[in-house]
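The values are calculated or read from the model by the stated rules, or taken from the named source; none is laboratory data. Every value quoted in this text rests on a predicted model; they were computed, and no experiment measured them. Heads up, the Cβs are rebuilt from the backbone with ideal geometry, glycines too, and the neighbour counts pull from every protein chain shown.
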Amino acid sequence: MSVDPDTAREALAALCAVADDPDAYVVRWKERTGGRAIGVFPMNFPSEIAAAGGALPVVIQENREPDSLGRNLLAEFYCGYTRNLADQAAKGTLDIYDAFFQADHCTQLLGAVDVVRAEVPDAPVFFGQLPTSMSDSWAGERALATMRSFVEEMGRFAGTPVTAAALADAIAVHNENRRLLREVYAARRAGNAALSSPEMQVLVKSSMVMDTREHTALLREVVAGLAARPRDDRVRLYLSGHLSHAPRPELLAAIEECGAIVVDDDLFTGGRHISTDVPEDGDPVAALADWYLRRDAVAPCPTLVKHETDWEERLVEAVDASGAEGVVVLMVRFCEPHMLYYPELRKRLNERDIPHLLIETEHEGLPVETVQTRVEALLERIRRNAPLEAIR
Ligand code: SF4
């Protein structure tokens, strides 16, 4: 399929609008369809289950408002994402959701979800305990049992059981969407610089919010109308980290404005989210359990414990495969899983002489000039091929 550039631009603009204001999309979708929306907490609940139950699954995004009403609901040492969730709950922003699903174990997220439970009392919150110790012999059984409980809960919420056929259909639809997004990522790695880093993020972020069929249709138009634009001699960077939510577009733009191009990433609102498909044969619930376990091998997450796969190994492999010349690690301030894991990443990057830079982010306040000064120093070091130490 080929479309004219105007159609592609309009499709991209529609995705940008959703990424910019996910709540407005959810409200419009509910008005348009009469359906119900499920707020999904990152990073492991399979949206396929909610979609198979006839609802709109939406991965809840950090919003851009300064925190105010929710400030006293969580301690200051919670990460910016969880404090913003509490603020959204206190301000009534999350009232657009009819229920919530959570499948994660980060203690900060658990705290934020408790706030949601208290502040949005009319919407049920379902929590399922997926295994966190991925290499244990019982992990597969536990993952399967939890996925079954999610499917049953969704059926109770929908008022009718979620059928295997509906699940299989939702899995196929989501796989198609992920495959298409991975194609765009592959083109980016291969040298097509048609989209900026903020635009790449828009493609994934909007997929976390929109009806998947609708998103895929728009994404096809973007892809079909995408001019092949070879990248220039900008320094190639890989973005890593920023657990649970999307970095601010201004931050991504600031990095590229320094004379870099982001060629790949392992961000949740990026490569991590689209990394792994759900098997389309056999029992769909077992397939979702399999997806959960396999995804951590493809894109290891520091909130989970495993023995066979390491994030640092996957990171250097991905850096090599993308041709990146350096890494920018984006760390959410107070994100304990990432903070605890970072020394391993840093050690491995140093061993491989891969220049890297750590940038900490917060919900409020982005010191663009400071960030750009530090990114410029990284780029200068890469250009000069200087001794390769982490730059703090
Ligand atoms: S994993 Fe990190 S960013 Fe995500 S909710 Fe937990 S502390 Fe926050």
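Does Leu267 satisfy being closer than 25 Å to Tyr81 by Cβ, at pLDDT 95 or above and in contact with a strand residue (DSSP E or B) (Cβ under 7 Å, 6 or more places away or on another chain)? Don't jump to the end; show me each part of the working.
Working: closer than 25 Å to Tyr81 by Cβ: yes; at pLDDT 95 or above: yes; in contact with a strand residue (DSSP E or B) (Cβ under 7 Å, 6 or more places away or on another chain): yes.
Here the answer is yes, as Leu267 does meet what is asked.
Looking only at segment 10-32, how many residues end up being loosely packed, with under 14 Cβ neighbours inside 10 Å and in contact (Cβ under 8 Å) with a residue 24 or more places away in the chain?
Here is the first cut: in segment 10-32, the residues loosely packed, with under 14 Cβ neighbours inside 10 Å are 13, 24, 27-28, 31-32.
Going one step further and asking which of them are in contact (Cβ under 8 Å) with a residue 24 or more places away in the chain, we end up with 27.
So the answer is 1.
Any residue at all in segment 368-383 that's over 22 Å from Arg236 (Cβ atoms) and modelled with pLDDT under 95? Write out each step before concluding.
Taking segment 368-383 first, the residues over 22 Å from Arg236 (Cβ atoms) are 369-370.
After this cut, where a residue has to be modelled with pLDDT under 95 as well, the list is 369-370.
Yes.
Test each condition in (1) surrounded by fewer than 16 Cβ atoms within 10 Å (Cβ to Cβ); (2) among the charged types (D, E, K, R); (3) within 16 Å of the ligand (Cβ to nearest atom) for Glu62 and report the one that comes out false.
(1)
Give segment 131-170 a look and list any residue that's modelled with pLDDT under 95, of a type in the set (A, V, I, L, M, F, W, C) and surrounded by 14 or more Cβ atoms within 10 Å (Cβ to Cβ), or say none.
Residues satisfying the conditions are Met134, Ala139.
Considering Ala112, Ala89, Ala13, which residue is more than 16 Å from the ligand (Cβ to nearest atom) and either in contact with a Cys (Cβ under 8 Å, 6 or more places away or on another chain) or part of a helix (DSSP H, G or I) (or both)?
Values: Ala112 fails: more than 16 Å from the ligand (Cβ to nearest atom); Ala89 fails: more than 16 Å from the ligand (Cβ to nearest atom).
Selected residue: Ala13, the only one of Ala112, Ala89, Ala13 that is more than 16 Å from the ligand (Cβ to nearest atom) and either in contact with a Cys (Cβ under 8 Å, 6 or more places away or on another chain) or part of a helix (DSSP H, G or I) (or both).
Go through segment 242-269 and give me each residue that's touching a helix residue (DSSP H, G or I) at 6+ places or on another chain (Cβ under 6 Å) and either of a type in the set (Asp, Glu) or on the phi > 0 side of the Ramachandran plot (or both).
Scanning segment 242-269 gives Ser244, Glu256, Gly259, Asp264, Asp265, Asp266.
Check segment 359-374 and report whether any residue there is surrounded by 15 or more Cβ atoms within 10 Å (Cβ to Cβ), part of a strand (DSSP E or B) and either among the hydroxyl-bearing types (Ser, Thr, Tyr) or touching a residue at least 40 places away in the same chain (Cβ under 8 Å) (or both).
There is at least one residue in segment 359-374 that is surrounded by 15 or more Cβ atoms within 10 Å (Cβ to Cβ), part of a strand (DSSP E or B) and either among the hydroxyl-bearing types (Ser, Thr, Tyr) or touching a residue at least 40 places away in the same chain (Cβ under 8 Å) (or both).
Among the residues in segment 208-215, are any outside any loop (DSSP other than H, G, I, E, B), within 28 Å of Val40 (Cβ to Cβ) and more than 17 Å from the chain's Cα centre (by Cα)? Give the derivation first.
Step one: of segment 208-215, the residues outside any loop (DSSP other than H, G, I, E, B) are 212-215.
Now restrict to residues that are within 28 Å of Val40 (Cβ to Cβ): 212-215.
Subset that is more than 17 Å from the chain's Cα centre (by Cα): 213-214.
Yes, the conditions are met somewhere in segment 208-215.
Restricting attention to segment 270-317, which residues are among the small types (Gly, Ala, Ser), at pLDDT 95 or above and within 16 Å of the ligand (Cβ to nearest atom)?
Correct list: Gly270 only.
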